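Below is one structure, written out as C-alpha cells; the observations come after it.
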Amino acid sequence: MSDSNCTLCDLPLPDSPVTDQQVDGVFCCQGCLQVHQLLEDLDSDEAQQVREETIRRRQQERSAKQPPENCGTAFLKVNGMHCATCESFIEAISRRQEGIYKSEASYATEMVKVYYDTEKLEEKELPALISRMGYRASNMEQDRDGEELNTVARLVIGGFFSIIGLLLYILFLYPSYLGGEGLVPLTTPEKLYFVSNIFVMTSFVLVYTGFPILRGALVSISVMKPNMDLLIAIAAVSAYLYSTGALLTGSSEVYFDVTMAIVMVVSIGNYYEGNIKRSKNRMLSVLMDRKISTARVRRNGRLELVDLEDLRPGDHVVINAGERVPVDGTVIEGEGVVNEALLTGESLPVSKQPGDRVISGTILTQHALTIETGEVVQSTLDHMIQLMWEIQANRSGKRRLADRIAEWFVPGVLAVGALTFFYHLGSGNTPTDALLTALAVLIVSCPCALGLATPLAVASGIREALGNNIIFKSGAIFEQEGNIDILAMDKTGTLTTGRMHLLDPGTDRKALHYARSLEQFSSHPLAKALVNGSSEERDLPGVQDFRSHHTGVSGTIDSRRVWVGEPEWLEQQSFDISASQWNSITHSREYGHVPVGVAWDGSVRDVLVIGDQVRDEAEAFAQKLRTNGKQLALITGDSEAAARTLQDRLQPDFLFTGARPESKTEIIRKLKQIGAVAMVGDGSNDALALAEADLGIAFGDLTAIAAESAQVVVPDDNLERIFAALETIRQTRRRIRQNLGWAFLYNITTIPLAIAGLINPLFAALAMAASSLLVVSNSSRNMNLTL
C-alpha cells in the first residue's frame, strides 16, 4: 500500500491526512480511522475480508466511466416510479436526450440524479426532458398534490363505466350464458348493441384507468425486464382482444367483464396503497416547517427581508434570539449563545462573539447577532442536503419480490398458453374453442392476487405504523431482504434526552436557590435546566440589578452581589475556587457535563453540574436488543471519557467516540460490511449517515433534513417505537409472503384445470376474484405491536 494512500481504503490521502498517536497508519477521514480500530476487534480473516472488499469497491468506483468533472448535476423527484424496471426506463430516457450524459434513478426514494452539459441545457429544462410515458419529473421542492386528483379521476370514471358495464352483464348477458333469457328477452342484434356499449366502456377503463398498468407493461418490455404490470396487462388485454374479435364476428359471448375486473381491482389496490402513503406525507409535512428560506439583511441603514438566493457576499445578516441561522457567516456584532446540537451533534450550547464562525441551521438561543457572509455565500445545511440527495439518488431500489417472480412467470404463462392452444387445436377442437381454452389459461394465470399481494400488505403496514406515530416513507422498505443485524445509534437526542438537566445540585442549598433566582431571568439553555429542576420558584429570593454577561449572570440578592457562570469567568472576577472544587469541575467536564459556579463575597460557594441525561428506558432498550440477537453500535461526538458512563450502562458492541458528522457516513459504510445496519439519529448532523444506512430511522425531536434523509420517521421520544417499527417491517414482509403463497396456490390449482379445458373464462374470472378477496382479508388484519 502506498504511503500516499489511506491505510484502510487505499484512497488517495487529502492534504491534511487523519492520524492518531495510538493508531498506526494514516487515513483519508476520521471514519476510516475509527473503522480501522473496529477491525482490530475482529478476527484476522474477517478483518482482511472487510478490508479487501472496501478496496475492491473503491477501485470499481474510480474505474467506472464518469461524466466530465465540470458537468452540471441536478436532483429531481419522479412521480410514478414504483419498481426497478422504472429505474431502467428513466435512465434509458435520459441517455437519449442530447445534453444529458447519464442519470442514476432510485425508485426507493423516487429520485433521479442527472449529469448534464451546462452549455447545452439549463437545470429548469431537465424535468420536461425526462417526463415521458406518464412519469413526471419535478424539482425536489415542487408540490405534487395534483397527482392525487388525477388518480382519483381515473378511478371514479373507470368505476362508473365498470358498474354500468357489469350491470348490463348481470341483467342481460350472464343469464343467456347460463341458458336463460335474462330479465328482458333480447334478440341477437339487441345483445350485440349492448355488447357494443360494453366494448366502448371497457375500452375506456382499459386505456384510461388502466394507463399506469399498461405503461408499466410497455416499460418492462422496452427494458427487457418482465414485471408484475406486464403479467396483469397480458390477462386484461388478451380478454379484451378476444372479446373484440368475438364482437366483430357477431358473437355475444364476450369477456369484457374480465378486463374491467382485472383493471379495477388492481387499480383500487394501488390507490389504497398510495392513499395511505399520502396520509404519511401529510404527517411528514408537519416536520418540514423548519426550512430557512429568507434572511434579515441590513442594507443602506435599513433591515430588509430577502430570499436566501438573493444574498450577496459581504451582506450583514441580523439574527434574533430563537431564530435559526440562515447562512454561514462570521459574527461582526453582538454576543450570543448558539445551540448546534441538531447540526453538529454537540449537546452543549456554544457562546459566540465577534470573529467566531456560525453555521446555517443552528439556533441562536440568547441575545442577537449580526453576521457577515463570506466571499461565497454558502450554507452548510444546504450542502448537507445536497450530499444527502447524492446518497439517496444512488440508493438503487431492489427489485420487488413480485416483479422478480414475474420475470420468469411471464414467459412461462405465455408458453403454457401457446402450448394449450396448439394442443387443443391438434386434438380436433375448433380454432375458436382452442383460443378460448388458451384465454382461460391466461386469465386464471392473471396475478390479481399477485398484483395485490405487495401493495395491500405494504399499505396495511404503513397504516398500522401511522396509528403508532411511526412514518414509513417508502414501501420499498418492506421488500428488502434480510433482518437488521446492527443498530447504530447517535447518542445525543436518541439514547439521551437531548436536553440539559441539573445532574448535581451541589451541597449548598442557599447557592442553589440564588442560582435559580438569577437564572430565571436568563434565556440561556443552561439556565432553563436550573429553573426547570425547581419546584420552589415561589420561595426564591428576589433579584435586583440583574445583568447578563457573555458566560454568566449576576444580580443583587439579600443585599449581596451574586455571580453565576463559568468557573474560569468567575476566577477572572477575583473569586477564589478551592482545589476540591477544581477537581469537581475537571471531573464533570471529563464526562461531557457543564460545571456552573455560584459565587459571592469573594469566593465560589458551590459548583452545580448540568448535562444531558440518559433516557430512563435506555438500559432496557439495549438489553432487548441483545435478547433479539442484534448488536448495538454507539456513535458519539464526545470523548472516550465522556462516553464511559454510557458505555458502562449500555455495554454496546461497538463504540465510536469523537465522531464528527462527516465521519458518521464512513462508520456506517464499514459497519454495513459486517451486517445489515439501521441508523437511528435525530439531527441534521445524522442526515448523511441516515441516508447511507440500510435502514435510516429519524427519531425524537428531529430536524427536517433528518426526517427527509431517513426511510422511517418516529417523531416520538419512546425508544420502544423503534422496536415497533422493526416489528412492523417483519410482520409486513411475512404477510407479503403469505399473500404470494395464497396466489400461487390458486395458480397451481386452476392452471391445470384451465389447460384441460375444464374452466371457461367466466369461471376463471370468479376464481381470480376469490383469490383476490383472500389476499385483501389477510392484508387487512391488525398487527400486534405491543409497546
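Just a few scattered comments:
- Number of positions in the range 209-230 that are modelled with pLDDT under 80 and within 21 Å of residue 156 (Cα to Cα): 0
- Scanning the range 529-539 turns up at least one residue that is in contact (Cβ under 8 Å) with a residue 60 or more places away in the chain and within 25 Å of residue 612 (Cα to Cα).
- Odd one out for residue 647 among (1) assigned to a strand (DSSP E or B); (2) touching a Leu at 6+ places or on another chain (Cβ under 6 Å); (3) open to solvent by 30 Å² or more (accessible area, probe 1.4 Å): (1)
- Within the range 501-521, residues that are farther than 12 Å from residue 600 by Cβ and modelled with pLDDT of 85 or more sit with their Cβ atoms under 6 Å from residues that are among the acidic types (Asp, Glu) and open to solvent by less than 60 Å² (accessible area, probe 1.4 Å), at 6+ positions apart or across chains, in these pairs: 506/606.
- Restricting the range 327-350 to residues that are in a strand (DSSP E or B) and under 30 Å from residue 680 (Cβ atoms), the residue that is modelled with the lowest pLDDT: 339
- Restricting the first member to the range 583-599 and to residues that are closer than 20 Å to residue 647 by Cα and among the small types (Gly, Ala, Ser), and the second to residues that are in a strand (DSSP E or B) and modelled with pLDDT under 85, the beta-carbon pairs closer than 9 Å and six or more apart or on different chains are 588/611; 592/611; 592/612.
One line per residue, one yes/no per condition, for (1) at pLDDT below 80; (2) assigned to a helix (DSSP H, G or I):
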position: 250; (1), (2): no, no
position: 260; (1), (2): no, yes
position: 269; (1), (2): yes, yes
position: 272; (1), (2): yes, yes
position: 278; (1), (2): yes, yes
position: 281; (1), (2): yes, yes
position: 295; (1), (2): no, no
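- Lone unmet requirement of (1) of a type outside the set (D, E, K, R); (2) modelled with pLDDT of 85 or more; (3) open to solvent by 20 Å² or more (accessible area, probe 1.4 Å); (4) over 29 Å from the mean Cα position of the chain (by Cα) for residue 185: (2)
- Sole exception among (1) modelled with pLDDT under 80; (2) on the phi < 0 side of the Ramachandran plot; (3) out of contact with any His (no Cβ under 6 Å at 6 or more places or on another chain) for residue 366, by number: (3)
- Residue in the range 550-559 that is polar (S, T, N, Q) and out of contact with any strand residue (DSSP E or B) (no Cβ under 8 Å at 6 or more places or on another chain) present: yes
- Considering residues of the range 306-326 that are open to solvent by 40 Å² or more (accessible area, probe 1.4 Å) and closer than 22 Å to residue 522 by Cβ only, the residue modelled with the lowest pLDDT: 322
- Considering only residues in the range 650-678 that are modelled with pLDDT of 85 or more and more than 12 Å from residue 693 (Cα to Cα), the one that is surrounded by the most Cβ atoms within 10 Å (Cβ to Cβ) turns out to be 656.
- Selected residue [part of a helix (DSSP H, G or I) and touching a Leu at 6+ places or on another chain (Cβ under 8 Å)] from 622, 599: 622
- Taken together, 600, 569, 563 contain a single residue that is open to solvent by less than 30 Å² (accessible area, probe 1.4 Å), aromatic (Phe, Trp, Tyr) and under 27 Å from residue 363 (Cα atoms), which is 569.
- Neighbours by Cβ (under 7 Å, 6+ apart or cross-chain): first from the range 410-428, hydroxyl-bearing (Ser, Thr, Tyr); second open to solvent by less than 70 Å² (accessible area, probe 1.4 Å) and not in a loop (DSSP other than H, G, I, E, B): 420/437; 420/438; 420/441; 420/755
- Residue tally, condition open to solvent by 20 Å² or more (accessible area, probe 1.4 Å), farther than 28 Å from residue 660 by Cα and assigned to a helix (DSSP H, G or I), over the range 490-515: 3
- Residue in the range 65-77 that is at pLDDT below 75 and either of a type in the set (Val, Ile, Thr) or touching a helix residue (DSSP H, G or I) at 6+ places or on another chain (Cβ under 9 Å) (or both) present: no
The values are calculated or read from the model by the stated rules, or taken from the named source; none is laboratory data. Computed from a prediction, not measured in an experiment: that's the story for all the values here. With ideal geometry, Cβ positions are generated from the backbone for all residues, glycine too; neighbour counts draw on all protein chains shown. These area figures cover heavy atoms from the full protein model, side chains too; ligands, DNA and RNA do not enter into them. Shrake-Rupley method; radii C 1.70, N 1.55, O 1.52, S 1.80 Å.
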